[in-house]
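I have placed the structure first, in the form of structure tokens, so that the comments after it can refer back to it.
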Amino acid sequence: MTEETYDPSLDALLDLDGQVLVIDPASRHWVKFVVTRVPVSPEKPHGLDYSLTLHGPDGERLVGFDNAHPVGRRKRGEPQDHRHRLRTVRPYDYQDAASLIVDFWETVDAVLKERGVLQ
């Protein structure tokens, strides 16, 4: 995020930092949010270091949105925003904090429905 661009939803995302939420106590699925401001860099052009994850009962990451490492054909290239969904990793086009939160929860819901946790 550049200083010229103000994202009104950024505070909501930053407020999630450190939160661990049990999504379904019976099936023991939970989410974890790690979100911090960092200096703007080529690796973190939004000034954020983030990891939003859904975990299964055994702790396995089922969904993850983050920006910490290269992905896909760029595994040896530069880090970029991306999403993990089960065993696949795809680039993620970060627009703003609100879109990231919505995209994360939509993916979480889809995976939980596939696993029979949600109707």
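Against the longest principal axis of the chain, how steep is helix 97-114, in degrees 0 to 90 to the nearest 10, with axes from Cα atoms?
20
What FRET efficiency comes out for Val20 versus Val40 if R0 is 30 angstrom and r is the Cβ-Cβ distance? Round to the nearest 0.05.
Values: r = 28 Å, r/R0 = 0.93.
My answer for the efficiency is 0.60.
Let me know the charge dipole size of the chain about its Cα centre in debye, to the nearest 20, where only the beta-carbon of Lys, Arg (+1) and Asp, Glu (-1) is charged. Before the final figure, lay out the partial values.
On the way: 15 positive and 20 negative charges, 165 e Å.
My answer is approximately 800 debye.
Computed from the coordinates by the stated procedures, all read-outs in this text should not be read as laboratory data. In this text the structure is predicted, and so the values were computed from the model without any measurement. Methodologically, a virtual Cβ is constructed for each residue, glycine included, from the backbone with ideal geometry; neighbour enumeration extends over all protein chains shown.
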